[in-house]
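The values are calculated or read from the model by the stated rules, or taken from the named source; none is laboratory data. Since the structure is predicted, the reported quantities are computational estimates derived from the model, not experimental observations. Using ideal geometry, Cβ is built from the backbone for each residue, glycine included, and neighbour counts are taken over all protein chains shown.
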Amino acid sequence: MGEKGTVCVTGAGGYVASWLVKQLLSEGYNVHGTVRVPQNDKNAHLKKLEKASENLKLFKVDLLDYNSLSAAITGCDGVFHVACPVPFGSVTNPEARIPRDGTYLQNHLFARHLVLALTSEPVELVEPAVKGTLNVLKACSEANVKRVVVVSSAAAVLLSPDWPKGQVKDESCWSDKEYCRRTNHSFVPVFSFIRTDFPGSLSKNWYCLSKTEAESEAIEFAKVSGLDVVAVCPSLVLGPMLQPTVNSSSLVLIKLLKEGYEELENRLRNIVDARDVAEALLLAYEKPEAKGRYICTAHTIRLQDLVDILRRLYPNYNYPKKFTEVNEGEGLTEGLSSEKLQELGWSYRPLEETLVDSIEGYGEAGLLD
Ligand SMILES: NC(=O)c1ccc[n+]([C@@H]2O[C@H](COP(=O)([O-])OP(=O)(O)OC[C@H]3O[C@@H](n4cnc5c(N)ncnc54)[C@H](OP(=O)(O)O)[C@@H]3O)[C@@H](O)[C@H]2O)c1
């Protein structure tokens with residue numbers, strides 16, 4: 001039995017969550033990991049983690065199934081809510097709508113406004129993100145969980161066109177929901193390299209909207225209920241994968257190495273290593289003084305400069321042929337600051353280490369052949 005108590009990690013088999021589960025097990029926690037299909041091969045790596053046989057228990061959970069979530073969370077001291085759809089390509093179910101009479105919202109006035117606002121928008125992303133988060137928080141409240149760490153995203157920070165020009169973005173900066181609805185810029189950290197891959201169904205910033213709505217709902221829930229909620233907002237997460245299936249952000253780097261794009265926009269990118277994100281999540285959970293939201297990013301770099309580093313390290317891949325300079329738009333060129341997280345004791349590894357470890361891992365997995 002883990003000596004540090006029991007915590008739940010939602011979406012345990014995913015990219016970021018797998019690193020977190022590994023870290024928690026090695027630190028002596030007992031972990032309840034939620035997965036949608038426990039017997040699926042894509043979750044097999046979890047059972048091979050050190051101490052998993054004694055201290056990891058998997059629960060079959062869908063974020064939209066409250067009872068399944070509640071069963072995994074009951075008995076936990078803390079919860080890390082990591083699960084969320086992070087699609088790479090187009091949304092396949094853009095016509096689905098959030099039901100107006102969703103029972104999960106019956107006692108939550110703020111969320112009811114949200115439902116009304118979203119009833120005409122794609123929910124393949126939005127519903128699991130927002131309703132899933134509210135389900136997790138409600139189950140945490142009922143189970144008297146001491147702290148919930150919600151994984152949000154830099155996507156909930158970055159799309160803020162009114163932010164003062166030239167000022168680095170900090171935790172007071174929120175993505176503008178109306179701007180997300182209106183625009184089709186691919187400023188989403190995960191999708192941002194490869195705009196041309198996204199046909200009309202993902203032409204609005206639905207992912208940014210879903211993460212912004214989910215995080216702001218979580219903070220509102222905390223205010224109303226008194227639940228201790230801390231949010232962590234990572235930028236584009238790279239680094240080696242523990243899981244056997246390729247996740248969206250890793251695919252971004254794989255495609256950059258393999259695809260031979262004719263032309264890409266030379267946009268500013270914010271990058272962080274998955275192992276450093278796991279560390280940040282643990283700090284956000286363990287440090288009593290942690291409060292509010294934390295931007296979690298390490299390196300800000302132009303895409304062309306990133307490709308120059310990759311080319312120097314690995315000259316023989318099929319890199320983009322040309323970069324075009326773009327006007328990023330007002331308030332969208334500023335860097336992101338993780339100063340608040342660093343004050344909590346967080347540090348990060350060099351970019352080259354992240355890139356080398358990622359590419360070596362992709363190579364071993366046969367993903368670059
Ligand atoms: N990767 C990045 O660059 C990045 C950057 C910022 C923030 N984030 C955030 O980090 C978190 C993890 O992302 P990731 O990159 O690790 O993605 P990932 O590997 O695709 O993991 C997402 C996980 O969410 C689970 N999930 C999705 N919908 C679900 C539902 N309805 N019920 C239960 N589980 C569901 C998936 O389960 P299945 O395996 O069953 O599909 C998967 O385990 C997300 O909250 C994401 O928004 C990621």
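Key figures
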{"quantity": "Unmet criterion (only one of (1) aliphatic (A, V, I, L, M); (2) surrounded by 21 or more Cβ atoms within 10 Å (Cβ to Cβ); (3) in contact with a helix residue (DSSP H, G or I) (Cβ under 7 Å, 6 or more places away or on another chain)) for Val272", "calculated": "(3)"}
{"quantity": "Cross-chain or 6+ apart pairs with Cβ under 7 Å, segment 131-153 first and at pLDDT 95 or above, then among the basic types (Lys, Arg) and within 13 Å of the ligand (Cβ to nearest atom)", "calculated": "Ser152/Lys211; Ser152/Arg293; Ser153/Lys211"}
{"quantity": "Any chance Leu64 is within 14 Å of the ligand (Cβ to nearest atom), surrounded by fewer than 24 Cβ atoms within 10 Å (Cβ to Cβ) and closer than 18 Å to Ala129 by Cβ", "calculated": "yes"}
{"quantity": "Looking only at segment 35-61, and only at residues there that are of a type in the set (Asp, Glu) and at pLDDT 95 or above, the one that is nearest to the ligand (Cβ to nearest atom)", "calculated": "Glu50"}
{"quantity": "Enumeration of residues in segment 174-189 that are buried (at least 22 other Cβ atoms within 10 Å of the Cβ) and either at pLDDT 90 or above or among the aliphatic types (A, V, I, L, M) (or both)", "calculated": "Ser175, Val188"}
{"quantity": "Verdict on His32 being within 16 Å of the ligand (Cβ to nearest atom), touching a residue at least 60 places away in the same chain (Cβ under 8 Å) and not in a loop (DSSP other than H, G, I, E, B)", "calculated": "no"}
{"quantity": "Positions within segment 291-311 being surrounded by fewer than 21 Cβ atoms within 10 Å (Cβ to Cβ) and more than 23 Å from Pro240 (Cβ to Cβ), in sequence order", "calculated": "Lys291, Gly292, Arg302, Gln304"}
{"quantity": "Given (1) under 16 Å from the mean Cα position of the chain (by Cα); (2) within 23 Å of Leu158 (Cβ to Cβ), number of the condition Leu351 does not satisfy", "calculated": "(1)"}
{"quantity": "Of residues in segment 128-161 being polar (S, T, N, Q), outside any helix (DSSP H, G or I) and crowded, with 24+ Cβ neighbours inside 10 Å, the one farthest from the ligand (Cβ to nearest atom)", "calculated": "Ser152"}
{"quantity": "Members of segment 240-264 that are among the charged types (D, E, K, R) and either surrounded by 19 or more Cβ atoms within 10 Å (Cβ to Cβ) or within 15 Å of the ligand (Cβ to nearest atom) (or both)", "calculated": "Lys255"}
{"quantity": "Condition met for Ala222 (crowded, with 24+ Cβ neighbours inside 10 Å, on the phi < 0 side of the Ramachandran plot and either at pLDDT below 95 or of a type in the set (A, V, I, L, M) (or both))", "calculated": "no"}
{"quantity": "Candidate set: segment 4-24, residues that are touching a strand residue (DSSP E or B) at 6+ places or on another chain (Cβ under 6 Å) and more than 10 Å from the ligand (Cβ to nearest atom); chosen: the one farthest from Leu281 (Cα to Cα)", "calculated": "Thr6"}
{"quantity": "Set Thr324, Thr354: member being of a type in the set (S, T, N, Q), at negative phi and surrounded by fewer than 17 Cβ atoms within 10 Å (Cβ to Cβ)", "calculated": "Thr324"}
{"quantity": "Qualifying residues in segment 213-239 (those that are in a loop (DSSP other than H, G, I, E, B) and in contact with a strand residue (DSSP E or B) (Cβ under 7 Å, 6 or more places away or on another chain)) - the one nearest to the ligand (Cβ to nearest atom)", "calculated": "Ser235"}
